[in-house]
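The values are calculated or read from the model by the stated rules, or taken from the named source; none is laboratory data. This is a predicted model, so every value here is computed, not measured. Counting neighbours? That spans all protein chains shown, and the Cβs are built from the backbone with ideal geometry, glycine included.
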Amino acid sequence: MKKTGLVLTMLGAALAATACGPAKEDETKRTKLYVFAAASMTETLQELEKKYEAKNKDTDLVFNFDSSGTLKTQIENGAKCDVFISAAQKQMNGLADQNLVKTETRFDFLENKVSLVVPEGNPKHILDFGNMCNRLQAKEDGFILAMGNDDVPVGQYTQKILTSFGVMQKTGDVYSFVDPDVEDHHVSYCGNVKLVAAAVQESSVSCGVVYRTDAFSNHLVELTQATEEMCGRVVYPAALISKTKQETLGKKYLEYLKSEEATKVFEKVGFVALANN
Amino acid sequence: MNFFPLWNSLRIAAISSVVVFFVGIFFAYYISKLPRWIKGIIDVIFTLPLVLPPTVCGYLLLLVFGLKHPVGQFLDSIGVSFIMTWQGGILAAVVVAFPLMYRAARAAFESFDENLAMAGRTLGLSNTYIFWRIRIPACQSGIIAGIVLAFARALGEYGATSMLIGYMPGETATISTTVYNLWSTNRSQEALIWVLINIGLSAIMLLSVNLIENRGRRKKVA
């Protein structure tokens, strides 16, 4: 009995401590702006967060970083979101078709490139996309490619690359492996681009396909970049969500993302800004 | 439909249960004989994986067995790899399931009546015989509970497993990682099939435990 009482008291104290935690006075006046952004934007948007909040004391940016496919599903399910930045047009189009985004606020924001990355020292001595695809087709023992799954933009770009080398095929809208054994034994699927980067960084896989900005931010060994012929252009659209109650704040934030200050941060890691002011 | 994840989950859970059974009993037996203060410390260490988030276990396992780290590199050089292989699933499952077996067995051993062992000794029985034929049978119900919990935990392991062995459809996929992958790629229907399979498996397991327990009770009455 005594013990239970003690435990309960401690629990109570812990709860009380979190409840009246570090609530600064000026923070109570800040309005939260919910930004759902592609996982590949994690570092850059976080870097800009401090700069933006220093200039706009009325706004508290709240980020949710994940694969654009997951974010799209969350928005469809009614998640609280004001701004959406997708790593591909497909997810943004999907939301636009359901009238979930304010089309008039939508713009092509950044351009990125898709990169082939390998663990430190390139243990499997991979040369380029062609070499990687040959070895996948040869089902080389212990050869593993980490790629985003087919709901993740970087996974969809990877599918296009693999198709251009004949490892995958496209029937209608559906991509599939020509030889199912390759998928079963030589592909590791990841839920977003950062998980691909983590698998490569950890040397768990032979190689992975990420964006060049992730290769830069995560200090990965980049072998080569995919050409437009392999996977098309990689364009990030941004827009406000229809249900947002913070239209003014949201628009102001989108404008800021086009500013020179923001552009510098994006270009430092390898993005190309498409909508400069 | 490809049933590889079912087969893979079952072999990982079965093998790790066997490993956990022996390792758990071994440590439970020897630690219950140690002085109290050492027992307290070791107890905390051995129970940690039970209360830690599986991702923390996964991180620590990668720190040891990852291919960027000495132990992992050494094992890899002699042809043993726990990274992106189904054997890695056993490692993850053993680590998270071990505390369940260990604690159940220890509790059982501690309530064991030492007079029974001494009686055996006066009859000239060897320690091994006493252990396997007197101590273990007397502690049967606690040990069975431990194995069942360990098997269930191993079957449901997700966090450390996905960090260690990822999701390779025909190589490392388990039921739990398959459900997550199918759900996250908008294939809810297929995910549902695996959810039902998992519920069925767990129900069968619990049912068989009840049957075993009932049989045990009837024996005792008779």
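Data table
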{"quantity": "Options B:87, B:73; residue that is assigned to a helix (DSSP H, G or I) and modelled with pLDDT of 95 or more", "calculated": "B:87"}
{"quantity": "Selection within the stretch B:65-92 - within 13 Å of residue A:142 (Cβ to Cβ) and touching a residue at least 24 places away in the same chain (Cβ under 8 Å)", "calculated": "B:83, B:84, B:85"}
{"quantity": "Elements of type strands (runs of 3 or more DSSP E) in the stretch A:168-269, at least 2 residues being within 14 Å of chain B (Cβ to nearest Cβ) and surrounded by fewer than 20 Cβ atoms within 10 Å (Cβ to Cβ)", "calculated": "A:174-177"}
{"quantity": "Members of the stretch A:69-84 found to be closer than 24 Å to residue B:187 by Cα and within 17 Å of the chain's Cα centre (by Cα), listed by number", "calculated": "A:69, A:70, A:71, A:72, A:73, A:74, A:75, A:84"}
{"quantity": "From A:58, A:66, residue being of a type outside the set (A, V, I, L, M), modelled with pLDDT under 95 and surrounded by fewer than 17 Cβ atoms within 10 Å (Cβ to Cβ)", "calculated": "A:58"}
{"quantity": "Search result, residues across the stretch B:157-200 that are surrounded by fewer than 19 Cβ atoms within 10 Å (Cβ to Cβ) and either more than 14 Å from chain A (Cβ to nearest Cβ) or in contact with a Pro (Cβ under 7 Å, 6 or more places away or on another chain) (or both)", "calculated": "B:158, B:159, B:189, B:192, B:193, B:195, B:196, B:197, B:199, B:200"}
{"quantity": "From the options B:70, B:53, B:35, residue that is surrounded by fewer than 16 Cβ atoms within 10 Å (Cβ to Cβ) and within 14 Å of chain A (Cβ to nearest Cβ)", "calculated": "B:70"}
{"quantity": "Those residues of the stretch B:100-156 which are hydroxyl-bearing (Ser, Thr, Tyr) and either under 17 Å from the mean Cα position of the chain (by Cα) or under 21 Å from residue B:207 (Cα atoms) (or both), in sequence order", "calculated": "B:102, B:141"}
{"quantity": "Selection count, the stretch B:1-40, where residues are part of a helix (DSSP H, G or I), without any contact (Cβ under 8 Å) to a residue 40 or more places away in the chain and closer than 14 Å to residue B:106 by Cβ", "calculated": "6"}
{"quantity": "3 or more residues more than 14 Å from chain B (Cβ to nearest Cβ): qualifying strands (runs of 3 or more DSSP E) within the stretch A:98-162", "calculated": "A:107-112, A:114-118"}
{"quantity": "Filter result for the condition that a residue is among the hydroxyl-bearing types (Ser, Thr, Tyr) and in contact with a Leu (Cβ under 8 Å, 6 or more places away or on another chain), over B:9, B:17", "calculated": "B:9"}
